[in-house]
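Here's the structure, in structure tokens; my notes come after.
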Amino acid sequence: YELGFFSPNNSQNLYVGIWFKGITPRTVVWVANRETPVTDSTANLTISSSGSLLLLNGKHGVVWSIGETFASNGSRAELLDTGDLIVIDKASGRYLWRSFEHLGDTLLPSSNLMYNLATGEKRVLTSWKTYTDPSPGEFVGQITPQVPSQLLTTRGSKPYWRSGPWAKTKFTGLPLMDESYTNPFSLQQDANGSGFFSHLQRNIEPLYVVLTSEGSVKIYQLNGTDWVLIYETPLANSCDFYG
């Protein structure tokens, strides 16, 4: 993975993002300043004296930040091999913040969707507005707190699509998840009101799940130097759309 500035479709807008290293075309999997692009090439990403990660424009104004400050003796930012951008306390090594807890439109093998009813925390996917505009779009993908859980996509405030309940190894409402399908995902729920949807296999060819700006959930896997679409839902003739 790489972290840097990118400009979608050669526009004037600059974003800080994470993408797969050495794979063309560039596939961006996380964007920091989705709602606040910068337009000057002198912008920079830095750690403040209070340990916060900041994106500054050319006039040193704060364009984006992780929104937290830390009572520590210093912190540093690091991009892990999993694609997770973390801020670490230098003294203790404790994670102070991580991008995997602030997902964009993409789920990577080591990240997860989750909910916690006790704390109200949720990790969801939020689509890009368009293919070339990473600002938050209409669609949000999440797992529901019901037991058994299911994947739910909303469009604005209204339900858009559902997967059907989880049944041990698959979602019952997805016709492509038949007896021959080996599901690479896991969904765990506990008695304390928490649930996690994550990838089972970590050491495989690069793979990612994306919620597109059209509301589709797509799974891509790397085959040599090309991304191959291995799963897509909902299909146009799906019966699981909400009316």
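Among the residues of the range 111-134, count how many are more than 15 Å from L187 (Cα to Cα), hydroxyl-bearing (S, T, Y) and not in a strand (DSSP E or B).
To start, the set of residues in the range 111-134 that are more than 15 Å from L187 (Cα to Cα) comprises 117-121, 125-134.
From what's left, hydroxyl-bearing (S, T, Y): 119, 126-127, 130-132.
Going one step further and asking which of them are not in a strand (DSSP E or B), we end up with 119, 131-132.
Going through the range 111-134 one residue at a time, the tally reaches 3.
Any chance the range 206-214 includes a residue that's of a type outside the set (V, I, T) and modelled with pLDDT under 85? Talk me through it step by step, then tell me what you get.
Of the range 206-214, the ones of a type outside the set (V, I, T) are 206-208, 211, 213-214.
With the extra rule that they be modelled with pLDDT under 85, the set shrinks to 206.
There is at least one residue in the range 206-214 that is of a type outside the set (V, I, T) and modelled with pLDDT under 85.
Do you know which residues across the range 81-128 are of a type in the set (A, V, I, L, M) and closer than 22 Å to G4 by Cα?
Residues of the range 81-128 of a type in the set (A, V, I, L, M): 85-88, 91, 96, 103, 107-108, 113-114, 117-118, 124-125.
Selection gives L85, I86, V87, I88, L96, L103, L107, L108, L125.
When you check G137 against the structure, is it in a loop (DSSP other than H, G, I, E, B) and in contact with a Phe, Trp or Tyr (Cβ under 7 Å, 6 or more places away or on another chain), yes or no? Steps first, please.
Numbers: in a loop (DSSP other than H, G, I, E, B): no; in contact with a Phe, Trp or Tyr (Cβ under 7 Å, 6 or more places away or on another chain): yes.
Criteria not met by G137.
Before we move on, is N116 buried (at least 20 other Cβ atoms within 10 Å of the Cβ) and closer than 27 Å to L53 by Cα? So that I can check it myself, show each step before the final result.
Working: buried (at least 20 other Cβ atoms within 10 Å of the Cβ): no; closer than 27 Å to L53 by Cα: yes.
So N116 does not fit the description; no.
What single numbered condition from (1) closer than 23 Å to Y208 by Cβ; (2) surrounded by 14 or more Cβ atoms within 10 Å (Cβ to Cβ) fails to hold for D81?
(2)
Give the range 24-58 a look and list any residue that's over 16 Å from L3 (Cα atoms) and free of Cβ contacts under 8 Å to residues at least 12 places away in the same chain, or say none.
The answer is S49, and nothing else.
List the strands (runs of 3 or more DSSP E) that sit entirely inside the range 1-110 and contain at least 2 residues that are within 16 Å of the chain's Cα centre (by Cα). Lay out the reasoning, then the answer.
Values: elements: 2-6, 15-19, 28-31, 44-47, 53-56, 62-65, 75-79, 85-89, 95-98.
By residue number, 2-6, 15-19, 28-31, 85-89, 95-98.
If we keep just the residues of the range 84-113 that are touching a His at 6+ places or on another chain (Cβ under 9 Å) and of a type in the set (S, T, Y), which is surrounded by the fewest Cβ atoms within 10 Å (Cβ to Cβ)?
Step one: list which residues in the range 84-113 are touching a His at 6+ places or on another chain (Cβ under 9 Å), which gives 107-112.
Cutting the leftovers down to of a type in the set (S, T, Y) gives us 110-111.
Numbers: S110: 14, S111: 24.
If we take residues in the range 84-113 being touching a His at 6+ places or on another chain (Cβ under 9 Å) and of a type in the set (S, T, Y), then S110 is surrounded by the fewest Cβ atoms within 10 Å (Cβ to Cβ).
Do we have any residue at all in the range 68-77 that's within 29 Å of P25 (Cβ to Cβ), surrounded by 15 or more Cβ atoms within 10 Å (Cβ to Cβ) and touching a Ser or Thr at 6+ places or on another chain (Cβ under 8 Å)?
Narrowing the range 68-77 to residues within 29 Å of P25 (Cβ to Cβ): 77.
Of the ones still in play, those that are also surrounded by 15 or more Cβ atoms within 10 Å (Cβ to Cβ) are 77.
Those left that are additionally touching a Ser or Thr at 6+ places or on another chain (Cβ under 8 Å): none.
Looking for residues that are within 29 Å of P25 (Cβ to Cβ), surrounded by 15 or more Cβ atoms within 10 Å (Cβ to Cβ) and touching a Ser or Thr at 6+ places or on another chain (Cβ under 8 Å), one finds none in the range 68-77, hence no.
Output the number of the condition that F70 fails; it satisfies all remaining conditions of (1) in contact with a Leu (Cβ under 6 Å, 6 or more places away or on another chain); (2) of a type in the set (A, V, I, L, M, F, W, C); (3) at pLDDT 95 or above.
Checking F70 against (1) in contact with a Leu (Cβ under 6 Å, 6 or more places away or on another chain); (2) of a type in the set (A, V, I, L, M, F, W, C); (3) at pLDDT 95 or above, the one that fails is (3).
The values are calculated or read from the model by the stated rules, or taken from the named source; none is laboratory data. Fair warning: this is a prediction, and the values are worked out from it, not measured in the lab. Note that we place each Cβ from the backbone using ideal geometry, even for glycine, and neighbour counts take in every protein chain shown.
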